[in-house]
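Undergrad: I have a structure I would like to understand better, so I am pasting it below and will then ask my questions one at a time.
The values are calculated or read from the model by the stated rules, or taken from the named source; none is laboratory data. Note that this is a predicted model, so its numbers are computed, not measured. Cβ sites come from the backbone with ideal geometry, for glycine too, and all protein chains shown count toward neighbours. Side chains included, ligands, DNA and RNA excluded: accessible areas come from the protein's heavy atoms. Shrake-Rupley method; radii C 1.70, N 1.55, O 1.52, S 1.80 Å.
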Amino acid sequence: MARRQPDPSDSPKGSFLPFRHRHLLGIAQLNQQEIIDLLDRAEAMIPISRQRKTLPNLAGKTQINLFFENSTRTQASFEIAGKRLGATVMNMAVRTSSVAKGETLVDTAATLNAMQPDAIVVRHGSSGAVELLSQKVECAVLNAGDGAHEHPTQALLDALTIRRHKGRLNGLTVAICGDIANSRVARSNLILLGAMRARTRVIAPKSLLPRGVDQMASEVFTDMRKGLEGADVVMMLRLQNERASGKLIPSVREYYKFYGLDAEKLSHANADALVMHPGPMNRGVEIDPAIADGPQSVITQQVEMGVAVRMAVLDALLNKDADDA
Ligand code: NCD
């Protein structure tokens, strides 16, 4: 498998396009060149992160993580990324903050803005909430997931993981399976993969397919075996019960039978297909534990790439002077 191995001495800054956006709200705002540039920046961050080095790029800058929804990996990843670039990182505990007393999002934004942060990383349960907040503050805003809308750094880390294994994105067949309707991960990935000219497939029961899905993906399947035929990448999604109004499926056992990734279903994809999952996983619901931990799984590598991608994005947004130099 072709792996692009960067020279460990690669400089993480200097040779990249200046990032022309003030915020990162979604993949939809990026063109193909900007996506490639962010992936290249992230590639250069991998050795820094692996060596547990701290760069001075964001020294003196303050990053606030504002998570209105539960998160383990995304919040930790943004925190580590900021710290590896020398930023001061503050995690707002929403549950014990004034938000719990009924403060509106706009008031919270104004309060945080008055403290002069350089970046606010936001996760919120409502689609569009992060963009709204970005209009009320003077600093950079990074979307760490808003409702079922976008999760741009997840799509970038998925793309980086795929590119490192397959050497490219263009022309690959990527199957995204499961709760497409409620998934910001699926949306951001479909936009990114489309921009990179990969062939995208979604696989789900009809009840988990959003309206207009045929405009978002190249192909739509309700039969998982057919959908996996010839796939280079199999991306599994969690059933997002917290984002759905009713129960998503009549029975977990039946869902697993038809849409759970086990060895037999995976055998329909290409022999060297990558198995991915953004986490958190529901083992035995959408994926067999033996597959999640098996030789084709790159799930923990996705987590590792998450730190590099978030370093790259924070650097691109906050270290603009270095781009101009
Ligand atoms: C995803 C999310 O929060 O959108 N998780 C993540 O960020 N790694 C997917 C999910 O919650 O299922």
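Undergrad: Which value in nm describes the separation of the simple spin-label points at residue 31 and residue 244, placed 7 Å from the Cα toward the beta carbon?
TA: Result for the modelled spin labels: 4.0 nm.
Undergrad: Turning to a different aspect of this structure: Hey, could you get me the Stokes-Einstein D for region 79-218, Kirkwood radius over alpha-carbon pairs, 20 °C and 1.002 mPa s, rounded to whole µm² s⁻¹? Spell out each step's value before the answer.
TA: Numbers: Rh = 16.9 Å.
Rounded, D is 126 µm²/s.
Undergrad: Need the full-extension length gain, residue 21 to residue 301, defined as separation in residues times 0.36 nm minus the C-alpha distance. One decimal, nm.
TA: Additional length available on full extension: 98.0 nm.
Undergrad: Going down the table (226/247; 136/166; 166/226; 136/206; 53/320), which pairs top 32 Å between alpha carbons?
TA: 136/166; 136/206
Undergrad: If I model a spin label at residue 70 and residue 258 as a point 7 Å from the Cα along the Cα→Cβ vector, what separation in nanometres do I get?
TA: So the two model labels end up 2.7 nm from each other.
Undergrad: Next question, about the same structure. Above 18 Å lies some portion of the pair distances; for region 274-325, what is it as a whole percent of all C-alpha pairs?
TA: On the way: 628 of 1326 pairs.
In whole percent, the long-distance tail amounts to 47.
Undergrad: Would you mind telling me the antiparallel percentage of the DSSP bridges in the chain, rounded to 5?
TA: Bridges in the chain are about 5 percent antiparallel.
Undergrad: Let me ask another. Quick test of the membrane-span-like rule: which DSSP H helices of the chain reach at least 18 Å along their long axis (C-alpha atoms) with mean Kyte hydropathy at least -0.5?
TA: Within the chain the helices that satisfy the rule are 32-50, 152-166, 299-318.
Undergrad: Among 231, 271, 109, which one shows the highest mean-square fluctuation when the chain is modelled as a Gaussian network with alpha-carbon springs under 10 Å?
TA: Among 231, 271, 109, the largest mean-square fluctuation in the Gaussian network model of the chain belongs to 271.
Undergrad: Please state, as a whole number in µm²/s, the translational diffusion coefficient that the Stokes-Einstein equation yields for region 152-298 at 10 °C and 1.306 mPa s, with Rh defined as the Kirkwood radius across alpha carbon pairs.
TA: Details: Rh = 14.9 Å.
Value of D from the Cα-based Kirkwood radius: 106 µm²/s.
Undergrad: Quick one: if you stick a label point 7 Å off each Cα along the C-beta vector at residue 170 and residue 251, how many nm between them?
TA: Result for the modelled spin labels: 4.8 nm.
Undergrad: Using only alpha carbon positions, build the gyration tensor of the chain, then give the equivalent ellipsoid semi-axes as the square roots of 5 times its eigenvalues, largest first, whole angstrom.
TA: 32, 24, 16
Undergrad: Taking K and R as +1 and D and E as -1, what net charge do the other residues with C-beta under 14 Å from the C-beta of residue 154 add up to?
TA: Surrounding charge for residue 154 is +1.
Undergrad: Quick one: pull the percent of accessible area on region 152-298 belonging to carbon and sulfur, 1.4 Å probe, ligands and nucleic acids left out. Show your work: numbers first, answer last.
TA: On the way: 2900 of 5880 Å².
Of all accessible area on region 152-298, carbon and sulfur atoms account for 49 percent.
Undergrad: What is the Cα centroid distance between region 188-255 and region 46-99, reported in whole angstrom?
TA: Spelled out, the Cα-based centre of one part sits 31 Å from the other.
Undergrad: For residue 67, what is the net charge nearby, where nearby means another residue's Cβ is under 15 Å from its Cβ and Lys, Arg count +1, Asp, Glu -1? Write down the numbers at each step before the final one.
TA: Details: positive: 73, 95, 123, 184, 310; negative: 69, 79, 146, 242.
Summing Lys and Arg as +1 and Asp and Glu as -1 gives +1.
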